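Have a look at the structure below, then the notes.
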Amino acid sequence: MSLNLRQKQTECIARMLNLNQPLNAAGTANEDVYKILIYDKFCQNILSPLIHVKDLRKHGVTLYFLIDKDRKPVHDVPAVYFVQPNVSNVQRIVSDASKSLYQSLHLNFSTSIPRPLLEDLAAGTLNSDSIQRVSKVHDQYLEFVTLEDNLFSLAHKPCYVQLNDPSAGDKEIEELVEKIVGGLFCVLATLAVVPVIRCPRGGPAEMVASALDQRIRDHLLSKNNLFTEGGNFVSSFQRPVLCIFDRNFELPVAIQHDFRYRPLVHDVLGLRLNRLSVQGEKGGMRSYELDSADSFWVANGSLEFPEVAVEIETQLNKYKKDVDEVNKRTGGTHGAEFDGTDLIGNTKHLMNAVNSLPELTERKQVIDKHTNIATVLLGEIKERSLDSYAKKENDMMVRGGIERGDLLGVLRGKGTKMDKLRFAIIYLISSETINLSEVEAVEAALRESEVDTAAFQYVKKIKSLNVSLASANSASRSNIVDWAEKLYGQSISAVTAGVKNLLSNDRQLALARTVEALIEGRTNPETDVYLSFDPRAPKSGSGASSSHLKGPFKEAIVFMIGGGNYVEYCSLQELAQHQQPAKHIIYGTTEMLTGVDFVEQLTLLGQKMGLGNVGSSSTPAQ
Amino acid sequence: MGKARDRTEDFKDAVRHTARSLGYDEAKLASVMASFIIHKPPQKSPFSKAALKTLESIGELDQFLLKHRKDYTDLHRTTEKERDSIEHEVLILSERLHSVTAQFDQLRAVRFQDAINKAIPRRKLNRVARNDSAETSKSSDMELREPEELRAEPLRVQQQLLDDETRALQVELTSLLDTVQETETKMVEMSALNHLMSTHVLHQAQQIEHLYDQAVEATNNVELGNKELSQAIQRNSSSRTFLLLFLFVLTFSILFLDWYS
């Protein structure tokens with residue numbers, strides 16, 4: 001069984017649009033039933049990466065509305081609702097039923113609707129004498145946004161601030177954990193798998209893992225089990241492992257500048273729900289869609305940006321060659337000779353040209369799209385020196401330090417205020433020990449650039465309080481670098497720097513390395529102390545460390561609490577492809593964050609702790 | 001495949017529970033629960049009936065095409081006349097649908113023209129409203145002059161500030177209303193243009209179909225031409241043979257006559 005989250009969620013949505021009846025063999029709905037789709041803002045974000053408007057037509061949806069919009073009655077048509085179970089949506093549904101807007105209402109809630117809310121719905125429809133309008137009520141367990149085949153987001157924001165807020169009470173933390181557990185449960189229900197859960201000890205990861213384990217256990221005991229497909233005694237080879245981490249496990253990944261295509265597009269241009277708006281060639285804004293239907297994006301998203309530019313050039317040359325070949329075979333050079341054989345050949349070539357024209361047009365559109373995106377990216381890279389930031393930050397993470405002159409030079413050079421703040425935070429995290437004079441010089445340089453230093457001071461504070469943050473980062477350095485450092489002395493530091501530059505491209509994220517150890521089941525001093533939860537095992541045997549739990553896994557689900565990004569996703573996909581035999585890794589997070597988004601959350605936390613520029617109400621400009 | 005959990009039974013339980021708490025008696029509760037099971041047959045509007053009838057016609061057309069697909073494509077099963085009759089029946093409904101669509105687009109164009117005309121008088125009303133607001137501000141200024149003599153200086157300054165803020169807010173809201181109305185007018189025009197474009201696209205589809213037919217006919221003509229050329233080449237070859245034979249016979253005739261005399 002291959003876990004393809006996007007495909008499974010799309011199938012669930014298609015069945016929901018078919019009024020929860022099985023689809024026929026063609027995969028389309030019964031053509032005699034037309035219906036109206038009503039969703040709220042959150043469910044719109046769930047639907048838009050998966051279903052296009054023309055796909056809605058195929059499923060018989062003729063109209064689609066936001067639930068909060070005023071809608072006119074269409075008496076003969078059933079309505080399909082896809083909303084979150086909350087009070088305002090329930091009240092809105094009751095209002096629609098009392099006005100008799102539609103023939104019947106098929107209610108689909110994105111996750112399980114609690115009993116009190118269901119009773120409110122019953123009371124409202126009963127009081128307005130419209131109980132007969134409600135045809136069906138379903139829990140869909142689809143409350144997550146699937147961006148790619150192996151990438152999902154729970155779209156909770158801003159999660160990191162709530163988890164790390166010093167003034168947050170236990171009740172708020174528990175509500176947040178329950179929300180995350182609900183989202184993860186929806187993902188597992190859609191995939192119809194019961195995973196083995198691994199997580200580090202302590203912190204939000206353990207809270208989420210424990211609550212999720214209990215939730216799955218309770219559900220397995222109840223009737224109408226969502227996981228009955230799996231059976232009770234599947235072998236460990238077929239069950240995936242769910243690895244839950246906290247953002248503080250590897251903080252610099254969320255802040256660091258990266259130079260691969262997919263992370264760059266997300267970080268610099270603001271990719272959101274697989275859509276992108278960039279400045280067009282003639283000044284207007286152009287909107288593009290980047291998803292699994294774009295073969296260029298799928299094939300080249302993990303490349304470094306210069307390689308992507310070369311690939312665009314290659315595709316363009318190939319396209320031009322194909323167009324020239326089509327023109328040559330159908331062109332006028334043969335027209336001068338009035339010969340029977342050539343005329344027959346010309347006719348065939350003409351037919352081939354007409355048939356290949358749509359494919360060529362589509363390829364041209366893809367090439368134009370990525371050419372425009374690459375052009376805008378290149379402008380941003382030059383304006384902000386992003387290549388320099390990415391390289392220097394990578395050097396700092398690998399080497400653990402930077403020359404003071406380089407450090408202050410970057411902070412006084414090109415780049416937005418956020419770029420400098422991110423660079424300073426990476427410097428702070430990558431240093432083994434805090435050099436007070438250097439830190440003060442960095443803060444002075446940041447203030448010269450009018451940067452709000454609340455985030456910087458917050459990271460400095462948690463670094464001094466939490467040594468494990470530093471140890472996690474120091475462990476992320478490659479062993480090869482240590483070997484290279486021993487072999488070459490300082491007398492040939494230039495050669496050493498060159499070697500490190502080559503090696504730095506192969507640096508693995510701590511997350512990818514840890515996930516690799518968990519998948520393989522190897523003995524590892526870091527991961528052996530991780531907690532294990534098996535919802536299918538008897539709870540009394542929780543102390544037993546059977547090899548069954550730690551065996552090699554074929555599939556994995558990696559979840560990051562507090563925000564994630566495409567850098568981690570690309571790293572995990574590379575890990576999955578390089579394994580022998582090939583593994584399958586799904587990456588998920590509470591929220592897809594750019595570096596700027598995350599630093600803004602750090603700034604908020606710093607301000608809550610009373611750090612930063614007191615009285616300064618200006619927000620950092622981008 | 002993940003499954004959706006059916007909560008309709010839970011909903012019915014909640015309805016039953018809530019009905020009892022609201023004081024429903026057993027008979028009324030039974031009738032409410034019965035409305036779940038026996039849904040009232042919906043009253044279809046005439047438009048829906050006509051639309052469903054059209055859909056049935058299209059379905060019948062689809063069945064007709066499926067039924068005659070093999071007949072149409074197999075050369076031996078049908079003659080050209082039968083094939084023409086199949087095309088004829090299909091094209092009747094197709095042309096009728098096109099004509100209905102064209103009429104509908106004309107009617108809609110009239111409607112949008114009316115909408116555009118209605119948008120223009122609203123601008124005039126807006127001008128009248130602005131004149132009224134100007135007069136209101138003038139009268140408020142006149143009212144403020146009398147209390148100036150009685151009130152103290154700080155109150156006068158404060159009232160002046162409030163008046164300025166009110167006037168600025170009024171100007172801002174008026175400009176916002178103008179912008180919204182302008183946007184509405186543009187949206188209506190865009191909608192009309194979009195429907196015009198749809199009509200033109202349908203027309204172009206017909207033209208493209210005509211071009212395709214002409215291209216197919218041209219291909220057939222080219223094939224016939226090639227066939228004729230091949231036959232001409234063959235006849236040229238046979239005529240050469242006949243010419244040689246003719247010359248040979250003439251030569252031997254002359255030799256025979258010379259020998260005989």
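The values are calculated or read from the model by the stated rules, or taken from the named source; none is laboratory data. Computed from a prediction, not measured in an experiment: that's the story for all the values here. Using ideal geometry, Cβ is built from the backbone for each residue, glycine included, and neighbour counts are taken over all protein chains shown.
Couple of notes before you dig in:
- Any hit, region A:155-167, residues being surrounded by fewer than 24 Cβ atoms within 10 Å (Cβ to Cβ), more than 14 Å from chain B (Cβ to nearest Cβ), free of Cβ contacts under 8 Å to residues at least 24 places away in the same chain and more than 19 Å from the chain's Cα centre (by Cα): yes
- All of (1) part of a loop (DSSP other than H, G, I, E, B); (2) under 25 Å from A:Val208 (Cβ atoms); (3) more than 10 Å from chain B (Cβ to nearest Cβ) hold for A:Asp68 with one exception: (2).
- Hits in region A:321-358 - residues which are at pLDDT below 60 and assigned to a helix (DSSP H, G or I): A:Gly332, A:Thr333, A:His334, A:Gly340, A:Thr341, A:Asp342, A:Leu343, A:Ile344, A:Gly345
- Just one of the numbered conditions (1) assigned to a helix (DSSP H, G or I); (2) at pLDDT 85 or above; (3) not aromatic (Phe, Trp, Tyr) is not true of A:Glu143: (1).
- A:Lys318 over 16 Å from the mean Cα position of the chain (by Cα) and modelled with pLDDT under 75: no
- Boolean, A:Ile197 is more than 14 Å from chain B (Cβ to nearest Cβ) and either surrounded by fewer than 23 Cβ atoms within 10 Å (Cβ to Cβ) or not in a strand (DSSP E or B) (or both): no
Matching residues to (1) more than 10 Å from chain B (Cβ to nearest Cβ); (2) in contact (Cβ under 8 Å) with a residue 40 or more places away in the chain; (3) in a loop (DSSP other than H, G, I, E, B):
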{"position": "A:Phe82", "(1), (2), (3)": "yes, yes, no"}
{"position": "A:Asn89", "(1), (2), (3)": "yes, yes, no"}
{"position": "A:Ser95", "(1), (2), (3)": "yes, no, no"}
{"position": "A:Ser100", "(1), (2), (3)": "yes, no, yes"}
{"position": "A:Ile113", "(1), (2), (3)": "no, no, yes"}
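- Residues of region A:292-314 that are closer than 30 Å to A:Asn355 by Cα, surrounded by fewer than 17 Cβ atoms within 10 Å (Cβ to Cβ) and out of contact with any Ser or Thr (no Cβ under 8 Å at 6 or more places or on another chain): A:Ser292, A:Ala293, A:Ser295, A:Ala299, A:Val310, A:Glu313, A:Thr314.
- Close contacts from region A:127-139, counting a first residue that is at the interface with chain B (Cβ under 7 Å from one of its Cβ atoms) and outside any strand (DSSP E or B) and a second that is surrounded by fewer than 18 Cβ atoms within 10 Å (Cβ to Cβ) and among the charged types (D, E, K, R), with Cβ to Cβ under 8 Å and a gap of 6+ residues or different chains, come to A:Gln132/B:Lys40.
Residue-wise test of (1) in a loop (DSSP other than H, G, I, E, B); (2) modelled with pLDDT under 75; (3) within 22 Å of A:Met397 (Cα to Cα); (4) aromatic (Phe, Trp, Tyr).
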{"site": "A:Val442", "(1), (2), (3), (4)": "no, no, yes, no"}
{"site": "A:Val451", "(1), (2), (3), (4)": "yes, yes, no, no"}
{"site": "A:Asp482", "(1), (2), (3), (4)": "no, yes, yes, no"}
{"site": "A:Glu485", "(1), (2), (3), (4)": "no, yes, yes, no"}
{"site": "A:Glu526", "(1), (2), (3), (4)": "yes, yes, yes, no"}
{"site": "A:Ser532", "(1), (2), (3), (4)": "no, no, no, no"}
{"site": "A:Arg536", "(1), (2), (3), (4)": "yes, yes, no, no"}
{"site": "A:Gly543", "(1), (2), (3), (4)": "yes, yes, no, no"}
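- Test result for B:Val201, assigned to a helix (DSSP H, G or I) and over 30 Å from A:Val354 (Cβ atoms): no
- Helices (runs of 4 or more DSSP H) wholly inside region B:1-93 containing at least 1 residues that are surrounded by 13 or more Cβ atoms within 10 Å (Cβ to Cβ) and at pLDDT below 75: B:26-37, B:46-67, B:69-73
- The lone exception for A:Arg198 - which of (1) touching a residue at least 24 places away in the same chain (Cβ under 8 Å); (2) in the same structural domain as A:Cys43 (by the TED database) it fails: (2)
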